[in-house]
1. Return the long-range amide H neighbours of Phe218 (sequence gap of 5 or more, or a different chain), with a cut-off of under 5 Å between placed amide H atoms.
2. Residue separation times 0.36 nm, minus the C-alpha to C-alpha distance between Glu254 and Arg417: what's the value?
3. Give me the dipole magnitude in Debye, nearest 20, for the stretch 126-219 about the Cα centre, with unit charges on the beta carbon: positive for Lys and Arg, negative for Asp and Glu.
4. Using R₀ = 56 Å, calculate the FRET efficiency as 1/(1 + (r/R₀)^6) where r is the Cβ-Cβ separation of Asp493 and Asp225; round to 0.05.
5. Kindly state, to the nearest 0.05, the FRET efficiency for Glu323 paired with Asn357, given R0 = 22 Å and r defined as their beta-carbon distance.
6. Roughly what would the spin-label model give for Glu134 and Phe60, points 7 Å off Cα along C-beta, in nm?
7. For Ala426 and Ala349 in the same chain, what is the full-extension length gain: residue separation times 0.36 nm, less their Cα-Cα distance, in nm?
8. FRET efficiency for Lys45 and Asp179, Cβ-Cβ distance as r, R0 = 45 Å, nearest 0.05?
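Coordinate-derived values only; no laboratory data. Fair warning: this is a prediction, and the values are worked out from it, not measured in the lab. Here the Cβ positions follow ideal geometry from the backbone for every residue, glycine too, while neighbour counts run over all protein chains shown.
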Amino acid sequence: MKLDHSQISRVQQANDIVDVISEHVKLVRKGREMVGMCPFHDDHKPSMNVNTDKQIFKCFACSAGGDVIKFVQMREGLTFMRAIERLAERAGIKLDFVKRPAPVGQMPEADAADVEKVNRWAMKFWRKNLLDAEIGTKCREYINSRSLSESTSEEYSFGFAQERWDDFLNAARQRNIPDKLMLAAGLIVSNDQGNYYDKFRNRLMIPIVDAAGRVVGFGGRTLGDDPAKYMNSPTSIIFDKSNCVYGLDKARHEIVSSGTVAVVEGYTDVIAVHQAGCKNVVATLGTSFTSGHAKLLRRYAKNIVLIFDSDVAGAAAAERAMEICLAESIDLKVTAVPQGKDPCDFVLAAGGDAFKNLIDNATDVMQYRWDKLTEKFGKSENLTDRRAATDEYLRSVATAAKGGTLDAITFGLIVNRLSRILQIPADDIRRELSRRNGQGRQAVVNTIQNVKVSSVEFESFGEKAQAEIIEVLLNEPRLLESASKRIKADDFDAAIYRDAWRIIEQTMAENAEFSLTRLLAGVESEELAALLVKLSDNGQDMDKLRSRLSGAIDAMLEYKHKQNINLNKTKDDDILQRISAIKSRPDRRNPGLIST
């Protein structure tokens, strides 16, 4: 599926970048621009500027940059097209997609937008069942028994799937919804004879909504004696439970505001806790905590608190989740629900404030692991038990060190603690940890893990020349015509500058008013968008643009000429001599080495 440029521009213009970014980041005015904490790296001072006139953002620390579409794309982990859809929904704009034909001989796959539409219809159908005076009685009684209010039922769009085998199927067919679309969404299944029937029967239906507001699937809680207490939608083109959490659509603003997300196990746990006023809580969807969950939540929160049931199974699940979070460089705390209760029962008995205190008083993961180690040492004199406990703790330290979640001071304190309790020299412990993470001592120093927005490092003279060409054209696009007589896209050996040239060329060919915002509307790559914002800003201070462009083209062609002669045998001093020669010529300015 694709959109023409006019629709993309309309979506872009209908969503003011300050309004959108303010939903994620607190912005304050500074001169003509707005500034705020960049959400794409561990920002400790406002590093992100938002230009209201140009409708772009730029971080001066991590080099993230782009337009409103790119911000949503990066912030919510969406594809370029899905970010446009998300903003279109926000602005109430209906998009007119053109579907790409399937290859000859190949059946067309289900479209993501169509799957979401049938899911949304199913949500409304089951909601109507629940509200029916007769049909929904049993399900409403169950909801009331869990102390969930009618307003909560409405807010979370609870529904009811009847016990009949074809209730949903027949209703959908009457609406001319194709069977293959219902299959693709996982709403119906087939038996060995090829007959279709409803997947969800006699269940409280809970829609699963992603951060972008799409109904991606369902969780069904049995109201009978089905051994499968909960049943999720199967994996589809828009749903994968290993990369999705429940409640993020309702929780994300509070998560961003507080910087913390609490992770529990069940749907009703999330709903009950939200109902009690604690909104920064999500749940995994009947699966163990995965690296996909960790990566998703890291986009919204600096800290994750794992809240597990206080039984053996809950503790084991927390242990697995801890290893994942440590490896993913996430600041992690853990806590257990007291008195053997699950979060739903606890919050209903103790209230929302008590649950908030549970989150606030959670234990740092390394302290938690340390407490477990010392507890095991105190309980057992058995050498095997002590060795196993020590090995478990060392594995956690090594994982955290390799992932970058331990600073040098914390690492030193841990080593000294271990040295005392184990009565082993500290240097021996350091060597063992280095061996485990396969790296040297440097691995334990904390490093900021940014989102994959690459700041461009100009490693060669040739790349500097290519960068200056793009800088000039971004600020004076009318020079493209003269530049095109000397160089083409294929003359750029750096792919990112080649792509930049092509997008400028394409935008100019459309005979529309050239602007950075218009340019960015056609850019899907986060890296390219950041580069264009950076170079556009850099180039504003350049004078004599025409002569600079000519000099940069000369420099690039000279560099390319040298590469073509014998790239492998080129020596550094030979390149420097050629650069020096170019630099001395009249009206030739090579970028980064300009004479004054």
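1. Amide H neighbours of Phe218: Ile208, Ser233.
2. Using 0.36 nm per residue and subtracting the Cα-Cα distance, I get 55.0 nm.
3. 140 debye
4. 0.25
5. E(calc), rounded to 0.05, equals 0.25.
6. 7.0 nm
7. Gain on stretching Ala426 to Ala349: 23.0 nm.
8. It comes out at approximately 0.20.
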